[in-house]
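J.: Structure provided below as structure tokens; questions to follow.
The values are calculated or read from the model by the stated rules, or taken from the named source; none is laboratory data. Please read these numbers as outputs of a predicted model, since none were measured by experiment. Backbone-built Cβ (ideal geometry, glycine too); neighbour counts: all protein chains shown. Accessible surface areas use protein heavy atoms only, side chains included; no ligands, DNA or RNA. Shrake-Rupley method; radii C 1.70, N 1.55, O 1.52, S 1.80 Å.
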Amino acid sequence: MSSDRETRGFQAEVSRLLHLMIHSLYSNREIFLRELVSNASDACDKLRFAALDHPEWLEEDPEPAIDLAVDADTGTLTISDNGIGMNREEVVENLGTIARSGTEKFLASLTGDQKKDAQLIGQFGVGFYSAFIVADKVTVESRRAGDSAEQGVRWESDGQGEFSVETLTVPRRGTRITLHLRDDAKDFVDTGKLRGIVRQYSDHVAFPIRMAVPAGDEKAGDEKEEGATELETLNSATALWQRPRQEISDDEYKSFYRHVSHDFQDPLTWSHNRVEGNLEYTSLLYVPPRAPFDLYHREASRGLKLYVQRVFIMDDAEQFLPLYLRFIKGVVDAPGLPLNVSRELLQDYGPVRKIRAALTKRVLQMLRKLSGDQDAYDTFWQQFGQVLKEGIGEDGDNREAIAGLLRFASSTSPTPGSVGLDDYIERAGEENKRIYYLLGDSLSAARNSPHLEVFRKKGVEVLLLAERVDEWMMGFLTEYKGRTLVNAARGELDMPGDDTDEAEQPKQDAPVLGRLGEVLNEQVEAVRATARLVESPACLVLGADELGPQMRMMLEAAGQPVPESKPILEVNLSHPLMQRMAELEDSDTFAELAQLLLDQALLAEGQLPKDPAATARRLNQLLQDRAERA
Ligand code: ADP
Ligand code: MG
């Protein structure tokens, strides 16, 4: 009986989580084992890493391993490891009082679909609590590596809002978790069932997972000795990435992916490579089928695990891939790196920079290959396309390779993500040496923009871009395979075949242009006659070096000064309205119509006129005139 036993309440979010585990996540119960084994495996990884500085911690018990044991009489299942262990403070912190950042996000992302929700547990770092799916009491006994037996600790809870901790003599290093199985979960004492679950979910754990089974369990009945047991290793316990490619089946690759990512779906594709030579490393990289919930958080974890000589060094080894490839999951094993590498050291370590450059190319090649599979690539693009676009601005060295992976909607192919730059070039042929694109506030605004009229008439395809990053990205993407990218709504329009077609160039000396210029002087930079329009009377054009609306919004949102700018109004002199206006003598009416002409051009761009109420008043006047004539 120890005197320092204390009882504490769970932090509020943890209580909610436990309630949920106990009352609603029972359709996929066996995942608790994957989570507890995964924690035991993490603890063994941490021990091996810590032992680089403290080799004496390994002396008496050098082989990290995970042991399962069942007791049918008491209805308990025990999972123990000889990993890093926890001291009293760590137990309290990790298993109950401090809200783990994942807890709240996990609760917020629940779908109500039990099966899916249970699968999410591991990805949010709340795996330990899944023990309460099958147990009505959980006992954790632990001793931190380097601590004495008397510094051990016992944590116990029935998952109902409180837990107890007390100091305890623990004979060996590591953690032992005893699950007192619920009445409806007693089947988890069945060794055959446990063997199946471990093989399904935990085969790739790099440490042996062992279980005491009746001797000769898998042999014929009459060979069995009554009561004798032996330790059976349940998993393959090898580092998959160290095995030769041709010996690994697709199923093994897929299950390893589920292991490293805590995902439950299959990856879209993967690439496994060993590089020999003076900079030796092995990489196994996966493209997930789905974006993680925190893809756009700055602090979000990044996918790669770093190993050195098979010793796990760190998660989120962000130095090995650029930020725009942060969705890639997998493993890098670089035996040449010093075992005591830190994040700071990795930062400007020459060999790491080289590996990073090579892995970046590797990923881009893998994506290129994936693009041959339309369905898979569609999924990839939907999930990660916006992140990949960041690479156009951030990775000048690989810009062309990234650009080739981009997908757009276009004036002739309106489905988002259906057109690549290579498709565009192939369709344009030698006739059109430019790649035209149009930015809009939304895809439908871009699709219906008056700027497309002349392109439609001439049968020239225009890429349509409407995502927030697009204008920023296109600022960097000025050329692809020797062809210039041209914003269809900017500057003087230079259409294919125009040089030979002098007759079609509009006259810039028509008097109506001057009259419009006088009326709209304050609001526009210039008024020009246009060859852009077929059906519409007028449209707005950005000066060649002006910021577009998306960039303006981004600057405004970031609190940056946004330079003043006025658009150019281009008018279609052959439009009946313009021909009528050219003849109009009454200057008040002309001014009213000129203002409305500008306002409707703003509206067509998805922007508001300067004085919307005045626009509405003018429109109402027009409607009234029309009604009176009807
Ligand atoms: P995660 O594993 O994602 O951190 P968990 O809820 O599974 O989240 O575990 C919470 C924490 O409890 C772990 O991060 C670890 O610090 C600690 N822990 C759990 N199991 C063990 C164990 N077997 N040995 C040492 N520490 C453990
Ligand atoms: Mg865990």
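J.: Looking at segment 240-387, what % of the alpha carbon pairs are farther apart than 22 Å?
T.: Details: 3977 of 10878 pairs.
Here the tail beyond 22 Å accounts for 37 percent of pairs.
J.: Can you give me the distance in nm between label points at THR229 and ASP441, each placed 7 Å from the Cα along the Cα-to-Cβ direction?
T.: It works out to 7.0 nm between the two label points.
J.: About the Cα centre of segment 240-387, what is the dipole size in debye to 20, counting +1 per Lys and Arg Cβ and -1 per Asp and Glu Cβ, all else neutral?
T.: For this selection, approximately 380 debye.
J.: Going 7 Å from the Cα of VAL534 in the Cα-to-Cβ direction, what parts of segment 413-450 have a backbone nitrogen less than 20 Å from that spot?
T.: In segment 413-450, the label zone of VAL534 (backbone N under 20 Å from the point 7 Å along Cα→Cβ) covers 413-415, 427-429, 431-439, 444-450.
J.: Here is a follow-up. Would you mind computing, in nm to one decimal, how far apart the modelled labels at VAL275 and ARG468 are, each placed 7 Å from Cα along Cα→Cβ?
T.: Modelled inter-label distance: 3.4 nm.
J.: On alpha-carbon atoms, Rg over Rh for segment 32-131 using Kirkwood Rh?
T.: On the Cα set of segment 32-131, Rg over Rh gives 1.03.
J.: To continue, here is another question. Per-residue ellipticity at 222 nm for the chain, helices alone: DSSP H runs ≥ 4 residues times -39500 (n - 2.57), over residue total, nearest 500 deg cm²/dmol?
T.: About -10500 deg cm²/dmol.
J.: So what are the ³J(HN,Hα) numbers for segment 595-609, from phi and the Karplus equation (6.51, -1.76, 1.60; θ = phi - 60°), rounded to whole Hz, Gly and Pro as x?
T.: Once θ is set to phi - 60°, the couplings for segment 595-609 become 5, 5, 4, 5, 4, 5, 5, 4, 4, 5, 8, x, 10, 8, x Hz.
J.: Same structure again: Out of the total accessible area of the chain (probe 1.4 Å, heavy atoms of protein only), what percent is carbon and sulfur? Numbers along the way, then the final one.
T.: Working: 14190 of 30530 Å².
Of all accessible area on the chain, carbon and sulfur atoms account for 46 percent.
J.: Helix 511-520 versus the longest principal axis of the chain: what is the Cα-based angle in degrees, 0 to 90, to the nearest 10?
T.: The angle comes out near 50 degrees.
J.: Multiply the residue separation of GLN265 and ASP545 by 0.36 nm, subtract the distance between their alpha-carbon atoms, and state the gained length in nm to one decimal. Before the final figure, lay out each step's value.
T.: On the way: separation 280, 0.36 × 280 = 100.80 nm, distance 4.64 nm.
Value of the extension gain: 96.2 nm.
J.: Shifting gears a bit: LYS610: which lysines have alpha carbons under 21 Å from its alpha carbon, excluding same-chain residues fewer than 8 sequence positions away?
T.: Excluding near neighbours in sequence, the set is LYS566.
J.: Using 0.36 nm times the number of residues separating GLU63 and ARG243, minus their current alpha carbon distance, what extension gain do you get?
T.: 62.7 nm
J.: A further question on this structure: I need the fraction of alpha carbon pairs in the chain separated by more than 34 Å, rounded to a whole percent.
T.: When every Cα pair of the chain is considered, 57 percent fall beyond 34 Å.
J.: What's the angle, to the nearest 10 degrees (0 to 90), between helix 31-50's Cα axis and the longest principal axis of the chain?
T.: Helix 31-50 sits at roughly 80 degrees to that axis.
J.: Using r as the Cβ-Cβ distance of ARG343 and GLU56, and R0 as 25 Å, what FRET efficiency do you calculate, to the nearest 0.05?
T.: 0.45
J.: With the contact rule set at Cα under 8 Å and sequence spacing of 6 or more, what percent relative contact order holds for segment 6-233?
T.: 27 percent
J.: Hey, another quick one. Rounded, prolate or oblate: which one fits segment 485-630, using the alpha carbon gyration tensor with axes a ≥ b ≥ c (rounded when a/c is under 1.5, else prolate when a/b beats b/c, else oblate)?
T.: Cα axes put segment 485-630 in the oblate bin.
J.: Separate question: Rolling a 1.4 Å sphere over the protein heavy atoms, what is the accessible area per residue of the chain, to the nearest Å²?
T.: 48 Å²
J.: Hey, with R₀ at 51 Å, roughly what FRET efficiency would GLN374 and GLU518 work out to, going by the Cβ-Cβ distance, to 0.05?
T.: Step by step, r from the Cβ atoms, then E = 0.40.
J.: If the reach is capped at under 16 angstrom between alpha carbons, list the lysines near LYS46, excluding any in the same chain fewer than eight residues apart.
T.: Cα-Cα hits under 16 Å: LYS305.
J.: Here's another thing I want to ask about it. For segment 392-565, just say rounded, prolate or oblate: build the C-alpha gyration tensor, square-root its eigenvalues into a ≥ b ≥ c, call rounded for a/c under 1.5, and beyond that prolate if a/b exceeds b/c, oblate if not.
T.: Taking the square roots of the gyration eigenvalues as a ≥ b ≥ c, segment 392-565 is oblate.
J.: May I pose another question? On a 0 to 90° scale, report how tilted helix 612-629 is relative to the longest principal axis of the chain, with both axes built from alpha carbons and the result rounded to the nearest 10.
T.: That works out to roughly 50 degrees.
J.: Now a separate question. What does the charge add up to near ALA358, with Lys and Arg as +1, Asp and Glu as -1, over the other residues with Cβ less than 13 Å from its Cβ?
T.: +3
J.: Something else about it: Could you list log10 I(q)/I(0) for segment 6-233 at q = 0.12 Å⁻¹, which the Debye formula gives when each Cα is one point scatterer?
T.: -0.67
J.: Let me ask you something else. With a cut-off of 8 Å between alpha carbons and a minimum separation of six or more residues, what is the relative contact order of segment 309-368 in percent?
T.: Rounded, it is 49 percent for segment 309-368.
J.: Put +1 on the Cβ of every Lys and Arg and -1 on every Asp and Glu Cβ in segment 6-233; which of GLN11, MET86, HIS180 then has its Cα farthest towards the positive end of the dipole?
T.: Going by the charge dipole, the pick is GLN11.
J.: Taking the Cβ-Cβ separation of GLN365 and VAL311 as r and a Förster radius of 25 Å, what is the calculated FRET efficiency to the nearest 0.05?
T.: 0.30
J.: In sequence order, what are the phi-derived ³J(HN,Hα) couplings for segment 382-395 according to the Karplus relation 6.51 cos²θ - 1.76 cosθ + 1.60 with θ = phi - 60°, rounded to whole Hz, with x for glycine and proline?
T.: Karplus-based 3J(HN,Hα) across segment 382-395 equals 4, 7, 10, x, 5, 6, 4, 4, 4, x, 4, x, 8, 10 Hz.
J.: Here's a follow-up. For the charge dipole of the chain, defined by +1 on Lys and Arg C-beta atoms and -1 on Asp and Glu C-beta atoms about the Cα centroid, which residue among GLY102, PHE476, SER38 has the Cα displaced farthest towards the positive pole?
T.: The Cα lying farthest towards the positive end belongs to PHE476.
J.: Given charges of +1 on the Cβ of Lys and Arg and -1 on the Cβ of Asp and Glu, with all other atoms neutral, how large is the dipole of segment 392-565 about its Cα centre, in debye to the nearest 20? Display every interim value, and only then the final one.
T.: Values: 18 positive and 32 negative charges, 95 e Å.
That gives segment 392-565 a dipole magnitude of about 460 debye.
J.: Can you run phi through the Karplus equation (6.51, -1.76, 1.60; θ = phi - 60°) for segment 362-378 and list ³J(HN,Hα) in whole Hz, with x for Gly and Pro?
T.: The phi angles translate into 4, 5, 5, 5, 4, 5, 4, 5, 4, 5, x, 9, 3, 5, 5, 5, 4 Hz.
J.: Which value, in debye to the nearest 20, gives the size of the charge dipole of the chain about its Cα centre, when Lys and Arg are +1 and Asp and Glu are -1 at the Cβ?
T.: For this selection, approximately 420 debye.
J.: At a Cα cut-off below 15 Å, give the aspartates and glutamates reachable from LYS361, other chains included and same-chain residues fewer than 8 away excluded.
T.: In chain and number order, the partners are GLU394, ASP395, ASP397, GLU400.
J.: If you don't mind, another one. Please label the shape of segment 20-59 as rounded, prolate or oblate, based on the square roots a ≥ b ≥ c of the eigenvalues of the alpha-carbon gyration tensor (a/c under 1.5 means rounded; beyond that, a/b larger than b/c means prolate, else oblate).
T.: Cα axes put segment 20-59 in the prolate bin.
J.: Considering only the chain, what is the antiparallel percent among its DSSP beta bridges, to the nearest 5?
T.: On the way: 64 of 83 bridges.
Close to 75 percent.
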